[in-house]
Amino acid sequence: MNINELERLTGITKQNIRFYEKKGLLQPMRNSENNYREYSQEDLTTLKTIKLLRKLDFSIEDIHKILSAQMPLHTILEQHLKELQARRQKLEACIDVCKDLLQTDTECLDLDGTFEKMEQIEQNGGKFMSIIEDYKRFAAVQRKKTFSFQPDTMVMNPMEFSEALSQYAEENHQNLVLLKGGMYPTFKLDGVEYTAQRIFGRFGATIQCTMTHPEEDGLEDIPRNRKVLYQLINGPYLLLLVVFIIMAISRQSIGWTALVALMIFPYLLWLFRVFVKR
């Protein structure tokens, strides 16, 4: 089939078909005589699958994972379903407010009353769910920003370094694209760019990978005070707090109890700012 036939059979425009090809979702054969693209029945099925997944609001990245079998289909479906349910909750709140506004004279619109209702919806669960979802996103991005692993070799040359990265990607079912070799290579892992370096320790070589552009983490919409708290939860602060709580309970000491209270205070202050002041 040529691209015109594929467009007719799928209802997908030629521009979108070429876009999917650029994204690596579709890989047609080339005619050896004229170098024109030739699409097979398998390409037709793939394109119909892409169309279905796009209608279900899957991202290009998730579709790529499904088609390349990087992740089990059910795992991605479960994640996507949770995202859709969270968005539905927010949309239902917006729908309720819009219905009320439809029954209101626009000339005497009660803005304060509308804001009060929206805040009440947030207090009844919307804000809490937003905080939970933001934390999930924040934690996932922090895990991506920097990671390390121990290779099977001492990584003494660029070839061994590339092989170690490839092995890591394969073991974790991730897509690796090497951008620059050497002993400080640059690469993309599932579309995220990293730089890597080799570090020696007591247990041999360790490869440490750091996101090249951490400022492009997609978390611009999360308020700064939430990020500060999430960072504390993700860091050693929470572990230290748990240790102090256990010691305070076991020793039943006023001093230990006071120390725990001081450590908990930032969390209580943050909750007050989020749920009372806003």
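Read-outs throughout are calculated quantities, based only on the coordinates presented, and are distinct from any laboratory measurement. Computed from a prediction, not measured in an experiment: that's the story for all the values here. Here Cβ is always computed from backbone atoms with ideal geometry, including for glycine, and neighbour counts include all displayed protein chains.
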Taking region 3-67 and dividing mean pair separation by its residue count, relative contact order in percent (alpha carbons under 8 Å, at least six apart): 30 percent
Per-pair calculated FRET efficiency, R0 = 25 Å: residue 56 and residue 5 via Cβ, rounded to 0.05: 0.45
Lys and Arg at +1, Asp and Glu at -1: add these up for the other residues within a Cβ distance under 14 Å of residue 85 and post the number. 0
How far apart, in nm, are the 7 Å Cα→Cβ label points at residue 149 and residue 78? 2.2 nm
Among residues other than residue 39 whose Cβ falls under 14 Å from its Cβ, what is the net charge (Lys/Arg +1, Asp/Glu -1)? 0
Can you give the local net charge around residue 175? Use residues other than it whose beta-carbon is closer than 11 angstrom to its beta-carbon, Lys and Arg +1, Asp and Glu -1. -1
